[in-house]
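J.: One structure is given below, represented as C-alpha cells, and several questions about it will come after.
Every number in this text was worked out from the coordinates using simple rules, so none of it is lab data. Source: prediction; values computed, not measured. A quick note on method: Cβ atoms are made from the backbone with ideal geometry, for glycine too, and the neighbour counts reach across all protein chains shown.
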Amino acid sequence: MRQIVLDTETTGLEPSLGHRVIEIGCIELINRRVTGRTFHHYLNPERDIDAGALAVHGITRESLAGQPRFGDIGDALLQFIDSAEIVAHNAAFDIGFLEAEFTRCGRPLKLTERCHVLDTLVLAREMHPGQRNNLDALCKRYNVDNAGRDLHGALLDARILADVYLAMTGGQTALQLAALEREPGALGAPPARPAGRLKVLRASPAERDSHEQMLKVIAQASGGKCLWPGEAG
C-alpha cells in the first residue's frame, strides 16, 4: 500500500479569496514504512502573505521571489501522489488549496477522484472525542518528538504527521514489530505446544446447573435478549 503524508503552507486561510500555496511537503510510505522519498517545494504566490499566516510559518514573500510557481511543479506533484492514499491533518484545507491551484493553471480536477484521502484530524476526533487533537497535542499524546517545530513548515509537519499517524494506527503491534526488526528474538520465542492430545475439561453437573441459572438471570435482565441460551457442554 502506497501512502503520501502531505502538508501545505499558504498565504492565508481561504483559496476563494485568492490565497495561495507557498510550500508543499510530501512523505512517501509504502506498507507503513517511510521510504525516504519526498516531494518538497517552496512556491512564489505572486501576492502578499497575511500577517496571521506569516506568524504561523514565518515564510516571507521576499524569500519566495525566486521560487517556482505552482504551474511549474503541478505535473510533478500529480505524478508523485497519483493513485496513492493521501494522509493529511485537516485534509479539507490542504486538498481545497491544491485543487484551487490546479484550477488556476487551467487544470480543474478533484484530487479525491484520483486518490483516497485519509484525514487524521477526523480519525483523532473519533479516537479521542472531547480532547485537543491538533498536531502538537497528538505529538504529546503519542510521544512523538516535535522539538524542532517552533514554526510550521510543510515538509517538517509532514514528517511529524507521518510519525503521529503510524503511532495512532499501529499501537503496540508496531512497537513489537520495531523491536523484532532491531533485534530478532527480542520478544522471546513462542511457548512450545505440549506433545500429544490436548486434555478436555468438561463441566460437572453442578457447574452446568450454575451456568443455567446464570443464563436465566441474564435472560431476565436483558428482556429475553440473551445471545447464548442453551445448556453448558
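J.: Residues R61, R69, R37: which one is without any contact (Cβ under 8 Å) to a residue 60 or more places away in the chain and touching a Phe, Trp or Tyr at 6+ places or on another chain (Cβ under 9 Å)?
T.: R37
J.: Consider R47 carefully, then state whether it is farther than 15 Å from D157 by Cα, surrounded by fewer than 20 Cβ atoms within 10 Å (Cβ to Cβ), among the basic types (K, R) and touching a Gly at 6+ places or on another chain (Cβ under 7 Å).
T.: yes
J.: Right, something else. Across the range 15-44, which residue is surrounded by the most Cβ atoms within 10 Å (Cβ to Cβ) among those that are among the charged types (D, E, K, R) and in a strand (DSSP E or B)?
T.: E23
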